[in-house]
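Heads up, the thing below is written out as structure tokens.
What follows is calculated from the coordinates using simple rules that are stated; it is not laboratory data. As the structure is a computational prediction, the values presented were derived from the model and not from experiment. Positions of Cβ are backbone-derived with ideal geometry, glycine not excepted, and every protein chain shown enters the neighbour counts.
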Amino acid sequence: MNVPQLRLESTNARIGLHTQQPVQEIQQAPADLQIQQQKAELEVNRTPSQLTIDQTEAWADMDLKHISRRIEEFAQRGYEDWLSGLARMSQEGDDLMRVENGGNPIAEHAKMNSESPMYEFNIGFIPRANSVKINYQPSKIQLNWQTHKPEIDVTINRPQHQYTPGKVNVSMEQMPSLTINWTT
């Protein structure tokens, strides 16, 4: 027996997609920056330090004196010796004037004037301690300064942006079809 047959033949549809990628370009120039600052002003005032060393007394202790000091000392010693001699002669005159009080003033005066004086002796250091005078004045420094703030000027550059959108093209590359055959 022949049974009728139904034959179906189909072709699938085929879609074609063609894409064009989007393009984005961004460019940004750096900001324009200008900085200006005046130099700081600095003024330094300094008084120099001073060191003074006075060795006059140390030299005098070693008997190395300036001539003006020697003259002054000799004049003073002469004046003192003259006064003491004057006082001694006045005392001797008073003793001679009072002969009635007894004693032998001429012999006593002769004995006193003929004996050499007793000198004291002691250990000494030449020059003596602290005979050199030292004086130091440190220097003084005064600083005056003035600073200036910087002047900053900034110009911002906007970004340059270009955008090309992408595209998608859709096409039908193959149309769908369906063929139906009837056979007996």
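Values computed for the structure shown
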| item | result |
| --- | --- |
| Those trypsin sites (Lys or Arg not before Pro) in region 123-184 that DSSP places in a loop and that have at most 13 other beta carbons within 10 Å | Arg128 |
| Nearest 10 degrees, 0 to 90: helix 67-97 Cα axis against the chain principal axis | 30 |
| Along the chain, longest interval not containing exposed chymotrypsin sites (Phe, Trp or Tyr not before Pro), exposed being DSSP loop plus at most 11 other Cβ atoms within 10 Å | 1-118 |
| From phi via Karplus (6.51, -1.76, 1.60), per-residue ³J(HN,Hα) for region 166-175 in Hz, x at Gly/Pro | x, 10, 10, 9, 9, 9, 9, 7, 9, 7 |
| Under 16 Å from the Cα of Lys149 - aspartates and glutamates, other chains or at least 8 residues apart | Glu41 |
| Longest segment of the chain lacking GluC sites (Glu not before Pro) that sit in a DSSP loop with at most 14 other Cβ atoms within 10 Å | 1-114 |
| ³J(HN,Hα) computed for each position of region 113-123 - Karplus, 6.51 cos²θ - 1.76 cosθ + 1.60, integer Hz, glycine/proline x | 7, 8, 7, 7, x, 8, 9, 8, 10, 8, 6 |
| Dimensionless Rg/Rh of region 1-130 - Kirkwood Rh, Rg from C-alpha atoms | 2.16 |
| Segment Gln36-Ala75, length gained on full extension (0.36 nm per residue, minus Cα span) | 6.3 nm |
| Segment Val23-Val168, extension gain: residue separation times 0.36 nm, minus the distance between their alpha carbons | 50.8 nm |
